[in-house]
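What follows is one structure encoded as structure tokens, with my remarks underneath.
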Amino acid sequence: MGLALLVGVLPVTVVAQTPADYYWWKALERAERGDLAEAGEDLRSAARYTSDPEFAFAVTSTLLDVDTGLALAEYAQTLRRAKRPHEAVVIEERAALFRQAKFGGAREGSSVYLGFSPSDLLKEYASELRQLGSADEARRIEDMAERYQQVQIDDLRIDPFFGHVG
């Protein structure tokens, strides 16, 4: 009888979860809660455990979104340190909208109009970093902006019903 009660309480596992799946779902949960730094670590772990090219693309695309969200938050902090609070507030609002669009309920199928280009904001941030004498960090952010723009172009080439369009 005790075993029957215990078995009724435990969930039935239908499919064995791979390490890549585990880290993927853990990353999505953390990103949804706003913990992008930890989500990034989980996505890096998921990438190490997958050999499926489509899943790897999904992981790296989501990691780019996480890194972009973190960079936008860093941009706002940089503006605050430079005593430019009004500009910082605008970037903070855009960063929050970006996080909502990528990791909030919007990823369930609805879309959120951002009203700005994340890659353009990243390029602005890179320019700001370059003016502050952080050339290496500026190059990292510029590379991120280029990757973000390329992923967006690649996404446009994929039709959700028929696969690649062209």
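Residue-wise test of (1) surrounded by 15 or more Cβ atoms within 10 Å (Cβ to Cβ); (2) within 22 Å of Gln150 (Cα to Cα); (3) in contact with a Cys (Cβ under 8 Å, 6 or more places away or on another chain).
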{"position": "Arg30", "(1), (2), (3)": "yes, no, no"}
{"position": "Leu43", "(1), (2), (3)": "yes, yes, no"}
{"position": "Ala47", "(1), (2), (3)": "yes, yes, no"}
{"position": "Leu72", "(1), (2), (3)": "yes, yes, no"}
{"position": "Ala76", "(1), (2), (3)": "yes, no, no"}
{"position": "Val89", "(1), (2), (3)": "no, no, no"}
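Take the residues in region 136-166 that are farther than 21 Å from Ser119 by Cβ and either open to solvent by less than 100 Å² (accessible area, probe 1.4 Å) or assigned to a strand (DSSP E or B) (or both), then tell me which one is modelled with the lowest pLDDT.
Step one: of region 136-166, the residues farther than 21 Å from Ser119 by Cβ are 159-166.
Narrowing further to those that are either open to solvent by less than 100 Å² (accessible area, probe 1.4 Å) or assigned to a strand (DSSP E or B) (or both): 159, 163-164, 166.
Working: Asp159: 48, Gly163: 51, His164: 45, Gly166: 40.
Within region 136-166, the match that is modelled with the lowest pLDDT is Gly166.
With respect to Phe98, determine if the residue is at pLDDT below 95, of a type in the set (Phe, Trp, Tyr) and open to solvent by less than 50 Å² (accessible area, probe 1.4 Å).
Values: at pLDDT below 95: yes; of a type in the set (Phe, Trp, Tyr): yes; open to solvent by less than 50 Å² (accessible area, probe 1.4 Å): yes.
Considered against the rule, which asks whether it is at pLDDT below 95, of a type in the set (Phe, Trp, Tyr) and open to solvent by less than 50 Å² (accessible area, probe 1.4 Å), Phe98 comes out as yes.
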>> Let me spell it out: the conditions are (1) assigned to a helix (DSSP H, G or I); (2) open to solvent by 40 Å² or more (accessible area, probe 1.4 Å); (3) at pLDDT below 95, and Ala106 meets all of them except one. Which number is the exception?
In response: (2)
> Here is a list of conditions, (1) open to solvent by less than 30 Å² (accessible area, probe 1.4 Å); (2) out of contact with any helix residue (DSSP H, G or I) (no Cβ under 8 Å at 6 or more places or on another chain), and Val66 meets all of them except one; can you say which number that is?
Replying inline: (2)
> Among the listed residues Arg48, Arg94, Arg44, which satisfies the condition of being more than 30 Å from Gln17 (Cα to Cα), out of contact with any Lys or Arg (no Cβ under 6 Å at 6 or more places or on another chain) and free of Cβ contacts under 8 Å to residues at least 40 places away in the same chain?
Replying inline: Arg94
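Let me confirm something: among Ser111, Ser117, which residue is at pLDDT below 80 and hydroxyl-bearing (Ser, Thr, Tyr)? Don't jump to the end; show me each part of the working.
Working: Ser117 fails: at pLDDT below 80.
Within the list Ser111, Ser117, the selection yields Ser111.
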> Just checking, how many residues over region 78-87 are open to solvent by 40 Å² or more (accessible area, probe 1.4 Å) and not charged (D, E, K, R)?
Replying inline: 3
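The values are calculated or read from the model by the stated rules, or taken from the named source; none is laboratory data. Quantities reported herein were computed from a predicted structural model and do not represent experimental measurements. All Cβ positions, even for glycine, are placed from backbone atoms using ideal geometry, and neighbour counts span all protein chains on display. Surface areas here come from the heavy atoms of the whole protein model, side chains and all, with no ligands, DNA or RNA. Shrake-Rupley method; radii C 1.70, N 1.55, O 1.52, S 1.80 Å.
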